[in-house]
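Notes follow once the structure below has been shown.
The values are calculated or read from the model by the stated rules, or taken from the named source; none is laboratory data. This structure is a prediction, so every number in the text was calculated from the model and none was measured. Because the Cβ atoms are built from the backbone with ideal geometry, glycine has one as well, and the counts that use them run over all protein chains shown.
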Amino acid sequence: MTLERSPLVEQHQALDASLVEFGGWEMPIAYPSGTINEHLACRRGAAMFDVSHLGSVRITGDGAFDRLQTTLTNDLRKITPGRAQYTHLLDAHDASVLDDIIVWWHPRADGDPDVFDVMPNASNTDDVVAALGGIETTHDRAVIAVQGPEAKTVLATVFPEAAATGRFRVTHCDWHGAPCVVAGTGYTGEPGVEIAVPAASAGSLWDALIGAGITPAGLGARDTLRLESALPLHGQELGRGITSLQADLGWVVAWEKPTFIGKDAALSERSDGVTRRLFGIATDGRRPARTGCTVLVNGVAVGEVTSGNFSPILGHGIALAFLPPTTAEGDLVDIDVRGKTLAGRVVATPFV
């Protein structure tokens, strides 16, 4: 299989990044500094991630607002041009989350048409185009996520217009004449922005950020950061057979909207009650649980881990797992990790 390549692949190679397949793309999993150091750089300072593998679908013109509003779960009336919104695309029959999506609603002047960039997960872009229409623009740009408590301060020394973008705001600005779209979004639990920059100009922006002292970080650190923040990953906490309510994301569903795909099935589940729900588990020691491990109470299997890893900030293992809805914070559990028992307890999320 031929893998897609980011416009920044030469930058990753020059930094001796370890490149792996992810969602059909060749992407950096880590740089020589290692995942834990990259993770800590994001939690304590500023890190940047190439997330060009994420899909981009542009929807514009008459009817664009209504198309999104009647297809996706969240209510676009809650926001205005120049803002972003998290939402879900559901299966019509069982309300499974086919994809979780960020919608960037471009700022506009009065009289201008609406422009939306719908940002699906990499492997789901074709499904989103089928559901919404629009034009895929994934290969026209790179997306660089600059994240961390010092992210905007450092970014302001290189690209002040991008650094001024507020949380879940969307702005237009130019990088040395190249038009960029910037959103105050991310997937780490830290403040920051995601910059969609034309492919031809991506390398110069990346190099300038490196020069400013921002740490390059791979998808390994991005995953441990999102897990500490208890953010769902499609294919693990979301996907076929998993609903918004089961994933404890009912707030993403605008129940009062007249229609959206999957509404009837979602309402039925809300009425009947969920049979499982996503919970956080803290485990003893550095050894983590992993995806697919069975969770037991008094020797009886009650659920399954969806994501597990070592938390560099907490210094012990953490996991997300689907468990019975009656589970409570403080409950003790065991996790079967390759035939060995790992003790854990149910805890509140986010972990960090």
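Structural remarks
- Within segment 192-213, being surrounded by fewer than 18 Cβ atoms within 10 Å (Cβ to Cβ) and either closer than 14 Å to A41 by Cβ or under 21 Å from the mean Cα position of the chain (by Cα) (or both) holds for I210, A212, G213.
- Answer from E256, E304, E269 - the residue that is farther than 30 Å from D66 by Cβ, within 27 Å of the chain's Cα centre (by Cα) and acidic (D, E): E304
- The residue of segment 30-46 that is surrounded by the most Cβ atoms within 10 Å (Cβ to Cβ), among those that are hydrophobic (A, V, I, L, M, F, W, C) and more than 16 Å from the chain's Cα centre (by Cα), is A46.
- Matching residues in segment 287-337 - criterion: being part of a loop (DSSP other than H, G, I, E, B) and hydrophobic (A, V, I, L, M, F, W, C): A289, C293, I313, L314, A328
- Options G280, G308; residue that is in contact (Cβ under 8 Å) with a residue 12 or more places away in the chain and under 18 Å from L249 (Cβ atoms): G280
- Of residues in segment 150-175 being touching a residue at least 60 places away in the same chain (Cβ under 8 Å) and assigned to a helix (DSSP H, G or I), the one surrounded by the most Cβ atoms within 10 Å (Cβ to Cβ): L155
- Boolean, V352 is assigned to a strand (DSSP E or B), surrounded by fewer than 20 Cβ atoms within 10 Å (Cβ to Cβ) and at pLDDT 95 or above: no
- Residues that are under 21 Å from V352 (Cβ atoms) and either buried (at least 22 other Cβ atoms within 10 Å of the Cβ) or small (G, A, S) (or both), drawn from segment 295-321: V305, T306, S307, G308, S311, G315, G317, I318, A319, L320, A321
- Counted as qualifying within segment 1-89 are the helices (runs of 4 or more DSSP H) with 2 or more residues that are in contact (Cβ under 8 Å) with a residue 60 or more places away in the chain and in the same structural domain as A156 (by TED's automatic domain parsing), namely 9-14, 35-44.
- In segment 214-244, the residue that is surrounded by the most Cβ atoms within 10 Å (Cβ to Cβ) out of those that are in a loop (DSSP other than H, G, I, E, B) and in contact with a helix residue (DSSP H, G or I) (Cβ under 6 Å, 6 or more places away or on another chain) is A217.
- Only a single item in (1) closer than 25 Å to Q246 by Cβ; (2) of a type outside the set (G, A, S); (3) in contact with a strand residue (DSSP E or B) (Cβ under 6 Å, 6 or more places away or on another chain); (4) in a loop (DSSP other than H, G, I, E, B) is not met by I101, and it is number (4).
- Restricting attention to segment 272-294 and to residues that are aliphatic (A, V, I, L, M) and within 14 Å of P325 (Cα to Cα), the residue that is surrounded by the fewest Cβ atoms within 10 Å (Cβ to Cβ) turns out to be V274.
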